[in-house]
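The values are calculated or read from the model by the stated rules, or taken from the named source; none is laboratory data. Treat the numbers as computed from the prediction; the structure is a model and nothing was measured. Counting neighbours? That spans all protein chains shown, and the Cβs are built from the backbone with ideal geometry, glycine included. Ligands, DNA and RNA are excluded from the accessible area calculation, which covers all protein heavy atoms including side chains. Shrake-Rupley method; radii C 1.70, N 1.55, O 1.52, S 1.80 Å.
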Amino acid sequence: MRIGFVSPYAWDVPGGVQAHIKDLALHYRSKGHEVSVIAPAVDESSISEDFVIPAGRPVAIPYNGAVARVLFGPVAASRVRQWISRGEFDVLHLHEPAIPSLSLLACSIAHGPMVGTFHAAAPRQKVAFAIAPLLEPIIEKLRARIAVSEFARETLRIHLETDAIVIPNGIDVLSFIDTSREKKSEAQLTVGFIGRFGEPRKGLNILLSAIPDVVAAVPNVRFLIAGPGEPLEAMQSVDPRFRSSVQFLGRIADDEKAEFFQSLDIYVAPNTGGESFGIILTEAMAARSAIIASDLPAFEAVLGNGKYGAIFPNGDSKALAAKMIELLRNKNAREALGSAAGQAAARFDWEEVGNQIMNVYLHAAGEGEKVSVESESRGLGKLFARGSDE
Amino acid sequence: MNNLPFLLIFIPFLFAWYLNFSATRLDRLHHRVETSWANLDAILQRRAALASQIAHLPEIDFASNLILTSAATQARSADIAARSEAESGLSEALRLLRDESEFPHQYPEVFAEMDVITERLRTAIALHREAVASTSARRRSLVIRVFRLAGKAPLPVTYPFEDDLL
């Protein structure tokens, strides 16, 4: 099958959507499908994958509490048109087609089997969807819609009045299990956090406020904070007496994540909002971590309402401290949570997720119709043609 | 005013364009309903075929054989009016067989195939319902009704059996 992916965000800027497209594209390539990706790029020479076609430099727009780099306009449109007409795709997979982006352009230009995946979940962010009435005739062309979580599906239902099939984001489960599991020393317990901790919605301050209570109850505990950000700034909010038990590791590479999870006794995700899916939780699950997460709807869904990880009320650092103390003191409970998580993670593996998405492609593709470029003035052209006949 | 003649030409032209645009949209939606039903129908046929295959497995007891064979035959031969009931019947027969007998353990391959079909059936149903919902919503709009842009196309419907599997 020939599959065309459209990325709304710059390929050479790290982000969840781009990572998802890349993994999915590589997965289908390994299954023998032909794959092509078109994406904006800040620096075209930095793109190393031969199946990625750069479409031009994106501009930065604020979106969903972060800055998104997207590409929109006539030049981009003509690049997309060329890519579609040359590609002869069996199915076009557009990511995040409801924001002004390359995906929306592709959706308006193309004709034929198209599938859209909606990543964002933003119930209160009405502005981003204020253009919904204009989008409707375009988004309508998608033969199937996929939402990455129930939360994203709800967002679609509210803002675009359309339903979607929920298929979660995928991860490579094996890569999180493979690392040889070293025996953790009982003398030292560790609690970990990953994320751009400068962003308040990642909730690091909630974890930091819980530290005094935890250290008072369990003195031999250390807190490892991984991710890009300013450690000194974050450290300000911690009582100086407890600063020695907090350690900042800086940004860690993707292949170091597995090792990081293995070295932890508890993984904490105190995020306060803005999470649609929580891919990091699924990764922690695959690594069989004991997880404590805030009760965001997306997190509750991933953690099976507490079966695969403990849940605490969003923003409540006292409750978080109590949960941490309870689990730090109970090795059996930690191991039980970890192994339940490990088993549940299988449904997030690309093997499973890839099959589900392929299933949707097959439904969309129907009877061997290829994706083509819709002639721009089809409606008007017909009108004139008819007029001259009479 | 000077631009009155211009407006007199422009407004009807714009309106004609809008009618054409609406008709194209509706046509595309109808096409989506048809495609999704064709998909759903094809998978239902495959399910019925596999069900009769299961019914003819050796060692299956007479009662199960009878129920499955009749349910599968009905599902395959039912006309459109009786189709939904027949498919519901087949769903129920398969559920009974799965939950209350040992066959799934005896014939894991056949039942694994049935699971794959059921999974695809779920997707097909979801897509069909979505297409029907969007199309019916569009057909309720004023311009579509007043100018009869839907022509003679029947109003798309979902079937009761689609509820059983979700």
Quiz prompt | Sites B:Asp27 and A:Glu259 - FRET efficiency at Förster radius 56 Å, r taken between beta-carbons, to 0.05 | solution = 0.50
Exercise. With a 1.4 Å probe and all protein chains in place, put B:His105, A:His159, B:His31, A:His95 in order of accessible area, largest first.
Key: B:His105, B:His31, A:His159, A:His95
Quiz item: Ignoring ligands and nucleic acids, what accessible area does A:Arg243 show with a 1.4 Å probe (Å², nearest 10)?
Solution: 80
Exercise. Could you tell me which GluC sites (Glu not before Pro) in the range B:31-128 are loop residues by DSSP with no more than 14 other beta carbons within 10 angstrom of their beta carbon?
Key: B:Glu59, B:Glu102
Exercise. Give me the angle, in degrees from 0 to 90, between the Cα long axis of helix B:4-55 and the longest principal axis of the Cα atoms of chain B, rounded to the nearest 10.
Key: 0
Quiz prompt | C-alpha long axis of helix B:108-139 to longest principal axis of chain B, angle in ° | solution = 20
Exercise. Compute the FRET efficiency between B:Asp99 and A:Val218 as 1/(1 + (r/R0)^6), taking r as their Cβ-Cβ distance and R0 = 41 Å, and round to the nearest 0.05.
Key: 0.30
Exercise. Could you state the angle between the C-alpha long axis of helix B:80-100 and the longest principal axis of the C-alpha atoms of chain B, as a value from 0 to 90 degrees rounded to the nearest 10?
Key: 40
Exercise. Just the number, please: carbon plus sulfur as a percent of the accessible area of chain B, 1.4 Å probe, no ligands or DNA/RNA counted.
Key: 62
Quiz prompt | Separation between Cα centres of the range A:223-272 and the range A:280-356, rounded to whole Å | solution = 18
Self-check item: GNM result for chain B, Cα springs below 10 Å: residue of B:Ser141, B:Ser52, B:Ser77 fluctuating most strongly
Solution: B:Ser141
Self-check item: Sites A:Glu88 and A:Asp239 - FRET efficiency at Förster radius 56 Å, r taken between beta-carbons, to 0.05
Solution: 0.30
Quiz item: Going 7 Å from the Cα of A:Arg251 in the Cα-to-Cβ direction, what parts of the range A:198-238 have a backbone nitrogen less than 11 Å from that spot?
Solution: A:227-229
Quiz prompt | Size of the B/A contact, given as accessible area buried on both chains, probe 1.4 Å, in Å² | solution = 2000
Practice problem: Keeping the other protein chains in place, figure out the carbon and sulfur percent of the accessible area of chain A, with a 1.4 Å probe. | Solution: 52
Quiz item: In the range A:141-168, which residues become less accessible by 50 Å² or more once every protein chain is in place, relative to the chain on its own, using a 1.4 Å probe?
Solution: A:Arg143, A:Ile165
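Heavy atoms only, probe 1.4 angstrom, no DNA, RNA or ligands counted: give me A:Ser237, A:Ser372 ranked by accessible area, highest first. Could the numbers behind the result be given before it?
Values: A:Ser237 80, A:Ser372 45 Å².
The ranking, largest first, comes out as A:Ser237, A:Ser372.
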Practice problem: Check each of the GluC sites (Glu not before Pro) in the range A:5-112 and keep only those in coil by DSSP with at most 14 other C-beta atoms within 10 angstrom; list them in order. | Solution: A:Glu49, A:Glu88
Quiz item: Excluding ligands and nucleic acids, what accessible area in Å² is computed for B:Arg76 using a 1.4 Å probe, to the nearest 10?
Solution: 120
Quiz prompt | Listed residue pairs exceeding 31 Å between alpha carbons, taken from A:Lys31/A:Lys307; A:Lys22/A:Lys141; A:Lys257/A:Lys318; A:Lys141/A:Lys307; A:Lys141/B:Lys152 | solution = A:Lys31/A:Lys307; A:Lys141/A:Lys307
Practice problem: Over the range B:31-164, calculate the relative contact order: mean separation of alpha carbon pairs under 8 Å at least 6 apart, over the residue count, as a percent. | Solution: 32
Quiz prompt | Per residue value of the accessible surface for chain A (all protein chains in place, 1.4 Å probe), Å² | solution = 44
